[in-house]
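Beneath this line is the structure, given in structure tokens, with notes to follow.
The values are calculated or read from the model by the stated rules, or taken from the named source; none is laboratory data. Note that the structure is predicted; figures quoted are calculated from it, not measured. Cβ atoms come from the backbone with ideal geometry, glycine included; neighbour counts cover every protein chain shown.
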Amino acid sequence: MDHRMSDNELRKAIRTLRERADAAHGRHDESAAEDIERTIRAYQDEMATRL
């Protein structure tokens with residue numbers, strides 16, 4: 001079964017991940033921040049394909 005997040009779930013995930021990326025930057029953990037931001041971009045791309 002292919003579970004796709006709803007638009008609202010994607011928006012919430014992006015907000016949560018943005019907070020985590022910002023926190024990682026605050027801890028100077030650039031590797032973690034980059035990984036999180038990669039996921040954010042993937043979710044944003046998914047949102048863009050739905051428009």
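Points to keep in mind about this one:
- Test: residue in the range 38-45 that is assigned to a helix (DSSP H, G or I), hydroxyl-bearing (Ser, Thr, Tyr) and within 9 Å of the chain's Cα centre (by Cα): yes
- Residues of the range 10-26 that are under 17 Å from Arg50 (Cβ atoms) and touching a residue at least 24 places away in the same chain (Cβ under 8 Å): Leu10, Arg11, Ala13, Ile14.
- Scanning the range 27-37 for residues that are assigned to a helix (DSSP H, G or I) and either surrounded by 12 or more Cβ atoms within 10 Å (Cβ to Cβ) or touching a residue at least 24 places away in the same chain (Cβ under 8 Å) (or both) yields Ala32, Ala33, Glu34, Asp35, Ile36, Glu37.
- If you check Thr16, Thr49 for being assigned to a helix (DSSP H, G or I), among the polar types (S, T, N, Q) and either surrounded by 14 or more Cβ atoms within 10 Å (Cβ to Cβ) or at pLDDT 95 or above (or both), only one passes: Thr16.
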